[in-house]
Amino acid sequence: MREDNCIFCKIANGDIPSKTLYEDEECRVILDLGPATKGHALILPKNHYANLFELPENEAEYVMVIAKRMAAKMTEKLQCDGFNLVQNNGETAGQTVFHFHMHLIPRYKWDNQLIGWKPMQATQEELEDTMNTIIAE
Ligand code: AMP
Ligand code: ZN
């Protein structure tokens, strides 16, 4: 399940070389070309799914298993102090490559990186209203 002209299909399947940290039949883990921190990696399923909605549940589970294993290995090897797992889903959320990928970003006490959001304020009523919107049948 590849898509023509998808760079991550080509990387995941080995048609374009990459700095590969791990590979199996389902996925490849590579170093990001523009790292947020040392060791910033991307988990790429070998099948083409544009985004989280297209990703089958069993592959979604597997991505998290690989994230957990890689985080343990990278913590040992890089001596990082924490991790951010990030998946930008959709253009509005910052997705630029439309082949599903999970960012695995090692964090260091000294890294001074900005990964996050500006907390807004919400009243109890607004939270209630949002909750009801989401859970409504
Ligand atoms: P996103 O904005 O979540 O779609 O993330 C795309 C990521 O892919 C960015 O962090 C880029 O630095 C990274 N990237 C783009 N092209 C390549 C490539 N050829 N090899 C490795 N990483 C790449
Ligand atoms: Zn693809």
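Tally the residues that are more than 9 Å from ligand 1 (Cβ to nearest atom) and either outside any strand (DSSP E or B) or of a type in the set (Lys, Arg) (or both), restricting the search to region 97-119.
14
Do you know which residues across region 15-25 are assigned to a loop (DSSP other than H, G, I, E, B) and either surrounded by 15 or more Cβ atoms within 10 Å (Cβ to Cβ) or within 13 Å of ligand 2 (Cβ to nearest atom) (or both)?
Within region 15-25, Asp15, Ile16, Ser18 meet the criteria.
Matching residues to (1) open to solvent by less than 100 Å² (accessible area, probe 1.4 Å); (2) hydroxyl-bearing (Ser, Thr, Tyr); (3) touching a residue at least 12 places away in the same chain (Cβ under 8 Å):
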site	(1), (2), (3)
Phe98	yes, no, yes
Pro106	yes, no, yes
Asp111	yes, no, yes
Ile115	yes, no, yes
Pro119	no, no, no
Thr123	yes, yes, no
Met131	yes, no, no
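Determine which single condition Lys77 fails, assuming it passes every other condition in (1) open to solvent by less than 100 Å² (accessible area, probe 1.4 Å); (2) part of a helix (DSSP H, G or I); (3) over 19 Å from Asn13 (Cα atoms).
(1)
Checking the conditions here, which among Arg2, Arg28 is open to solvent by 100 Å² or more (accessible area, probe 1.4 Å) and either within 11 Å of ligand 1 (Cβ to nearest atom) or basic (Lys, Arg) (or both)? Explain how you work it out, then say what you get.
Details: Arg28 fails: open to solvent by 100 Å² or more (accessible area, probe 1.4 Å).
Selected residue: Arg2, the only one of Arg2, Arg28 that is open to solvent by 100 Å² or more (accessible area, probe 1.4 Å) and either within 11 Å of ligand 1 (Cβ to nearest atom) or basic (Lys, Arg) (or both).
If Val63 satisfies every condition in (1) crowded, with 18+ Cβ neighbours inside 10 Å; (2) within 30 Å of Asn5 (Cα to Cα); (3) in contact with a Phe, Trp or Tyr (Cβ under 6 Å, 6 or more places away or on another chain) but one, which is the exception?
Condition not satisfied by Val63: (3).
Between a first residue in region 1-24 that is in contact (Cβ under 8 Å) with a residue 24 or more places away in the chain and a second residue that is away from ligand 1 (no atom under 13 Å from the Cβ) and open to solvent by less than 50 Å² (accessible area, probe 1.4 Å), which pairs have beta carbons less than 6 Å apart while being 6 or more apart in sequence or on different chains?
Met1/Asn47; Met1/His48; Arg2/His48; Glu3/His48; Cys6/His48; Cys9/His48; Ala12/Lys46; Asn13/Lys46
The values are calculated or read from the model by the stated rules, or taken from the named source; none is laboratory data. Predicted model, so just to flag it, every value in this text is computed and none were measured. Cβ: placed from backbone, ideal geometry, glycine included. Neighbour counts: every protein chain shown. Please note that ligands, DNA and RNA were not included when accessible areas were found on the heavy atoms of the full protein model with its side chains. Shrake-Rupley method; radii C 1.70, N 1.55, O 1.52, S 1.80 Å.
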